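Input: a single structure, listed below in structure tokens.
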Ligand code: PLP
């Protein structure tokens, strides 16, 4: 087989190709060898892909706006090595809990460029954020204003910069579970409530309202809702800082062509300049678009069963990727040991868990799957590792970083001992 880069879809990490052995190659590493060396299931991250996507956002912003920062919305892939790479690339960080804050700081993010979100932050989390010297706390409710005001009252620290999260009643076209901008949302303040909160914060001696935050949803493949949301919050006044969220969608299957980071930034910056003004500090916080396509999960086929359908069952499933079960998310698997063979077998790619719903890809197409084949599902970097779990006592997979033909373990495979490590009695 000739070496080729052309036939692999854009859903694979940058630089992926089919090598001389006819195997999928990721970050210069043969995927079949990776499966052999590290076992399956395994999350394979192409480090250069992560870095390139971070740079694409920074460069797109630098070309269009003076005062900005790109935040890694770390809920998408809260893995120390991923935080570390994105910190090295100069990104700032968005955390949605005390745990993500601890991970981000341990990985080297500057607390002053770390920002905390969450619709139900606890008093302990607010205290942790203040103690760390976090950049902004993004306030999400009246109760939280009360809580933060009470917490800060008994601290010596001077003032805390805050944003308020506004729910602009603009929804993008996405799964309801990841749509957040609609009026009936658990997140943020409605426009009217935001006016009240702004007035209250402007009078507060210790909470320094510097701006507004928006995040209308995730996996958005059209740019118009972003513009509409910016137009909606422009009615709330003039602030020095605007955090306009994440949400840019990615390609999970070859027929998806999301806007590029450049197009996305162009739309956001254009709307910000037109509706609010050019001289603002602009924060963007992509999660999925930074990490999803950096990663491929590898599985091994365990059984093939033919009844009404053909069921190809692998050694992972809903414990390493909940997205198909949570959102009906689609993936486009391939056999890593022959990725270019015509995928003519229609089958369900099933997981190993005790649920009929544990199907990674329904009506998948694979190339003559056989027991022992290595199956690759591309675009699993976002919300895969993040939502991994131990259902059926299945240890969570390792994370392997590949670069220039070298592979290194950045998170080891969980062990049975890990499964018992929190037992206290
Ligand atoms: N910012 C906030 C406040 C979010 O809630 C989310 C995702 O839920 C993100 C950023 C990241 O979104 P995405 O991964 O779609 O870019």
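The values are calculated or read from the model by the stated rules, or taken from the named source; none is laboratory data. Model, not experiment: these values are computed from the prediction. Virtual Cβ from ideal backbone geometry, glycine too; neighbours counted across all protein chains shown.
Does residue 211 fit the bill of being touching a helix residue (DSSP H, G or I) at 6+ places or on another chain (Cβ under 6 Å) and within 16 Å of the ligand (Cβ to nearest atom)? Break it down into steps so the answer makes sense when it comes.
Details: touching a helix residue (DSSP H, G or I) at 6+ places or on another chain (Cβ under 6 Å): no; within 16 Å of the ligand (Cβ to nearest atom): yes.
Answer is no for this residue.
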Within the range 134-145, of all residues that are closer than 16 Å to residue 167 by Cβ and in a loop (DSSP other than H, G, I, E, B), the one nearest to the chain's Cα centre (by Cα) is 140
If you take the residues of the range 170-204 that are within 24 Å of the chain's Cα centre (by Cα) and under 28 Å from residue 160 (Cβ atoms), which of them is farthest from the ligand (Cβ to nearest atom)?
189
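One line per residue, one yes/no per condition, for (1) at pLDDT 95 or above; (2) in contact with a helix residue (DSSP H, G or I) (Cβ under 7 Å, 6 or more places away or on another chain):
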{"position": "109", "(1), (2)": "yes, yes"}
{"position": "113", "(1), (2)": "yes, no"}
{"position": "126", "(1), (2)": "yes, yes"}
{"position": "135", "(1), (2)": "yes, yes"}
{"position": "139", "(1), (2)": "yes, yes"}
{"position": "146", "(1), (2)": "yes, no"}
{"position": "149", "(1), (2)": "yes, no"}
{"position": "156", "(1), (2)": "no, no"}
On the given criteria, is residue 94 outside any helix (DSSP H, G or I), modelled with pLDDT of 95 or more, within 16 Å of the ligand (Cβ to nearest atom) and buried (at least 21 other Cβ atoms within 10 Å of the Cβ)?
yes
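Where in the range 298-409 are there strands (runs of 3 or more DSSP E), lying wholly inside it, with at least 3 residues that are under 26 Å from the mean Cα position of the chain (by Cα), in contact (Cβ under 8 Å) with a residue 12 or more places away in the chain and within 17 Å of residue 43 (Cβ to Cβ)?
On the way: elements: 310-314, 345-350, 359-366, 374-378, 399-403.
Qualifying strands (runs of 3 or more DSSP E): 374-378, 399-403.
Residues that are in contact with a helix residue (DSSP H, G or I) (Cβ under 7 Å, 6 or more places away or on another chain), more than 20 Å from residue 247 (Cβ to Cβ), free of Cβ contacts under 8 Å to residues at least 40 places away in the same chain and buried (at least 19 other Cβ atoms within 10 Å of the Cβ): does the range 71-82 have at least one?
To start, the set of residues in the range 71-82 that are in contact with a helix residue (DSSP H, G or I) (Cβ under 7 Å, 6 or more places away or on another chain) comprises 72, 74-80, 82.
This time we only want the ones that are more than 20 Å from residue 247 (Cβ to Cβ), so: 79-80.
Within this subset, residues satisfying the condition of being free of Cβ contacts under 8 Å to residues at least 40 places away in the same chain are none.
Taking every residue of the range 71-82 in turn, none turns out to be in contact with a helix residue (DSSP H, G or I) (Cβ under 7 Å, 6 or more places away or on another chain), more than 20 Å from residue 247 (Cβ to Cβ), free of Cβ contacts under 8 Å to residues at least 40 places away in the same chain and buried (at least 19 other Cβ atoms within 10 Å of the Cβ).
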Considering residues that are within 15 Å of the ligand (Cβ to nearest atom), in a loop (DSSP other than H, G, I, E, B) and surrounded by 13 or more Cβ atoms within 10 Å (Cβ to Cβ), the number found within the range 97-133 is 5
Is there a residue in the range 287-301 that is away from the ligand (no atom under 16 Å from the Cβ) and either outside the structural domain of residue 402 (by TED's automatic domain parsing) or surrounded by fewer than 24 Cβ atoms within 10 Å (Cβ to Cβ) (or both)?
yes
